[in-house]
Amino acid sequence: MTPRCCMSLVGLSMLGVLGCFQDAGAQQPFPSRAITIVVPLPPGGTSDIIARSIGQKVGEYTGQSVLIENVSGAGTAIGAQRVAQARPDGYTLLVATTTTISSNPHLYRKLSYSMSQFEPITLLTQHDLAVHISPKLPVSTLQELIAYAARTPGGISYSTTGRGSLSEVLGEMMKAAFKVEMRDIPYRGAAPALVDVMRGEIDMHFDGITSTVPFLRAGKAKVIATTGVERAAVSPNIPTLVELGYKDLVMGNIYALLAPKGTPRPIVDTLNSLVRRALEDPVLRERLTSQGAPPKPTTPEGLAEVMARDSATFEKTVRELKIRTVD
């Protein structure tokens, strides 16, 4: 045997050994290390509550840590971009909201991420918003609020979580429906805005019922309406905007778990199974339901359908209200 042949055989043998190690690595069970769930909003809001609840359960099931990373700003775009650019290995996930999925893409011409950069895992929950007003306002009903806004120079103020946010779209819908002026005040997230509306720093705030319920039950929140078709189970005494005469003022927020595009399907399925198991846990289900965010897990394909419908609704709203798009 010639030296060249010997070298070739040695080379092939080494490749075979390396291949065995690579195969062993590829078959390493998932997850084998900590998972990071990026919440694109500050701590304390609905996304954060859900992420931490699920993360705790998934950590128990897998024996691996689940880290919650709050990356707020730009109407959830900064956090979404962080995950869109992450390695597609299942270890960096995003809790996306309607703002991320449906509002931003129709209001930003140069968005820092694209929804095509994500893989759907599962829907987490879906709920209505609460129309929360400052306790300092001398009003108690929606009609009183509209009348107050009409006689207030410049109109009343309301919080948003930036351009493209769900709160901005709802505010624009209200302006058109109520025919009054309203001034939007940008915040980095719902939690600080909620604090400021209770302090009287701003007049009105739209937030998921989950974040509002604890303050409502403690008598600290002044909520005059919700945005569902029917009254929310956790606030049966509060009317909807629909029953108050504004049938087109229906708005909901979806919360979904996404992974970077290209994440292998077996990993997506494992994550779907883990999160569904968490959401079906009786204690967690009861806790989230009592806070106004009943779990609604889906298959990845089911989530894709929900996202497509929601996006189409926002595209229509933005077009019909002629909401200004930005770069």
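The values are calculated or read from the model by the stated rules, or taken from the named source; none is laboratory data. Values in this document were obtained by computation on a predicted structure and should not be read as measured data. Cβ atoms come from the backbone with ideal geometry, glycine included; neighbour counts cover every protein chain shown.
Within segment 271-301, the residues that satisfy the criterion of being more than 22 Å from residue 166 (Cβ to Cβ) and either not assigned by TED's automatic domain parsing to the domain that holds residue 95 or not in a helix (DSSP H, G or I) (or both) are 280, 281, 299. Close contacts from segment 143-157, counting a first residue that is surrounded by 14 or more Cβ atoms within 10 Å (Cβ to Cβ) and a second that is of a type in the set (Lys, Arg), with Cβ to Cβ under 9 Å and a gap of 6+ residues or different chains, come to 146/179; 155/175; 155/183; 156/183; 157/183.
Comparison of 237, 253, 272 shows that the only residue that is free of Cβ contacts under 8 Å to residues at least 12 places away in the same chain and out of contact with any Cys (no Cβ under 7 Å at 6 or more places or on another chain) is 237. Within segment 223-252, being polar (S, T, N, Q) and out of contact with any Asp or Glu (no Cβ under 8 Å at 6 or more places or on another chain) holds for 235, 237.
A quick yes/no check of all residues on (1) within 15 Å of the chain's Cα centre (by Cα); (2) surrounded by 14 or more Cβ atoms within 10 Å (Cβ to Cβ):
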residue: 249; (1), (2): no, yes
residue: 267; (1), (2): no, yes
residue: 282; (1), (2): no, no
residue: 295; (1), (2): yes, yes
residue: 298; (1), (2): no, yes
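Sub-8 Å Cβ pairs linking a first residue in segment 302-326 that is assigned by TED's automatic domain parsing to the domain that holds residue 96 to a second residue that is loosely packed, with under 13 Cβ neighbours inside 10 Å and modelled with pLDDT of 95 or more, at least 6 apart or interchain, number zero. The residues on offer are 262, 245, and the sole one that is in the same structural domain as residue 90 (by TED's automatic domain parsing), surrounded by fewer than 22 Cβ atoms within 10 Å (Cβ to Cβ) and in a loop (DSSP other than H, G, I, E, B) is 262.
Summed over segment 204-220, the residues that are among the hydrophobic types (A, V, I, L, M, F, W, C) and touching a strand residue (DSSP E or B) at 6+ places or on another chain (Cβ under 7 Å) give a count of 4. Any idea which residue in segment 211-224 is farthest from residue 174 (Cα to Cα), counting only those that are under 23 Å from the mean Cα position of the chain (by Cα) and surrounded by fewer than 24 Cβ atoms within 10 Å (Cβ to Cβ)? Taking the candidates together, the pick is 214. For segment 42-88, the set of residues classified as among the polar types (S, T, N, Q) and assigned to a helix (DSSP H, G or I) consists of 46, 47, 53, 56, 62, 81, listed by residue number.
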